[in-house]
Amino acid sequence: YTILSKVHSDRNVYPSAGVLFVHVLEREYFKGEFPPYPKPGEISNDPITFNTNLMGYPDRPGWLRYIQRTPYSDGVLYGSPTVENVGKPTIIEITAYNRRTFETARHNLIINIMSAEVDFPLPYQAEFFIRNMNVEEMLASEVLGDFLGAVKNVWQPERLNAINITSALDRGGRVPLPINDMKEGVYVMVGADVPFSSCLREVENPQNQLRCSQEMEPVITCDKKFRTQFHIDWCKISLVDNTKQVSTFQEVIRGEGILPDGGEYKPPSDTLKSRDYYSDFLITLAVPSAIALVLFLILAYIMCCRREGVEKRNMQTPDIQLVHHSAIQKSTKELRDMSKNREIAWPLSTLPVFHPVTGEIVPPLHPDSYDNTSMPLMQTQQ
């Protein structure tokens, strides 16, 4: 297939600052731009996805979000413009991709943010958490209109506007399990020009606060006006009264930008003074070497000059101890000589006494020509 890119004419929209802005990217608007072109009355259901970004940047402005669940559903741009962007046109590049033919189509959406006729944002703001809705379902005009109608019946304001809508997933919520068609939940912030009604104030009662801390549903008298279509989590409702907000801005006292005078700077001298390292040499090398030499001489005197000799040792040793020592040496020498001469019969002490199988006592076996009775085990020692 040949990949083509078609550019449509620009669209201009004029949202108001502080009021919810919703723009639907309809798939039907782009279907006729992808070949093969459908004939009149023919239905084309190619998968189409959208990519949106601020012109010259890879992403959208911070206040603008985009959502599209499947390639067979429409995309939605939504958000709440800020007052800082009033009078500055925001150009959003919208690129549509046909996932079957890989064709693309593009056009620009020019968002001209206007200042509201009345003071926005409205001073009294309430944020509701709706558990049985997804964000794209809540952005539908008829669903959002039904919710604002229910809030208006409870609040009774003169002016009521939706300020912002946020998915619970953007607030750190978890993706719901695919059981019983569970929803992810959505936060809806609305603003009004009158104080909160007594029904909305019921969530601040100590009894309801205690029930919320125990993960129990609080008792709200006006909940039945929402329950038919919207399941409100009253423990997560937030009421903000901007008329009582105390400004915490502290004026920053700026100095002259000049450091305090610390005197005239005196750089170090270019010439270095000579230094005597003789004392450092004595402390580092000479003293440890002298101590080591003295210890070496003492050890040499003890090891070499204090030897007593064999004669002096024998003179100081008792005679009986010398006899025993001599006997042990002679016996050792005899055993060594006997081991060298294999023809001499073994001593009786080394022959088996018991039969290895029967266990009977057996006499030592010697040749008949060898008189073992007359040969002593060991010579008499004097």
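The values are calculated or read from the model by the stated rules, or taken from the named source; none is laboratory data. The model shown is predicted, which means the values in this text are computed figures rather than measured ones. All Cβ positions, even for glycine, are placed from backbone atoms using ideal geometry, and neighbour counts span all protein chains on display. The accessibility values were calculated without ligands, DNA or RNA, using every heavy atom of the protein model including side chains. Shrake-Rupley method; radii C 1.70, N 1.55, O 1.52, S 1.80 Å.
The residue of the stretch 82-103 that is most open to solvent (accessible area, probe 1.4 Å), among those that are assigned to a strand (DSSP E or B) and out of contact with any Asp or Glu (no Cβ under 9 Å at 6 or more places or on another chain), is Glu93.
Of the numbered criteria (1) open to solvent by 100 Å² or more (accessible area, probe 1.4 Å); (2) at pLDDT below 85, the one Lys333 fails is (2). If you go through the stretch 142-158 and keep only what is open to solvent by 90 Å² or more (accessible area, probe 1.4 Å) and either part of a loop (DSSP other than H, G, I, E, B) or over 18 Å from Gly191 (Cβ atoms) (or both), you end up with Glu142, Gln156, Glu158. Screening the candidates Glu158, Glu142, Glu137, Glu184 for the property of being among the acidic types (Asp, Glu), touching a strand residue (DSSP E or B) at 6+ places or on another chain (Cβ under 7 Å) and not assigned by the TED database to the domain that holds Thr82 yields one hit, Glu184.
Name the residue that is least open to solvent (accessible area, probe 1.4 Å), counting only residues in the stretch 177-204 that are assigned to a loop (DSSP other than H, G, I, E, B) and in contact (Cβ under 8 Å) with a residue 12 or more places away in the chain.
Gly185
Residue check: is Asp170 open to solvent by 10 Å² or more (accessible area, probe 1.4 Å), within 32 Å of the chain's Cα centre (by Cα) and charged (D, E, K, R)?
yes
Would you say Ile43 is exposed (fewer than 14 other Cβ atoms within 10 Å of the Cβ) and at pLDDT 90 or above? The answer is no for Ile43.
Just one of (1) touching a Lys or Arg at 6+ places or on another chain (Cβ under 8 Å); (2) open to solvent by less than 70 Å² (accessible area, probe 1.4 Å); (3) farther than 22 Å from Pro58 by Cβ; (4) part of a loop (DSSP other than H, G, I, E, B) fails for Tyr72. It is (2).
Comparison of Ala150, Ala162 shows that the only residue that is among the hydrophobic types (A, V, I, L, M, F, W, C) and within 18 Å of Asn242 (Cα to Cα) is Ala162.
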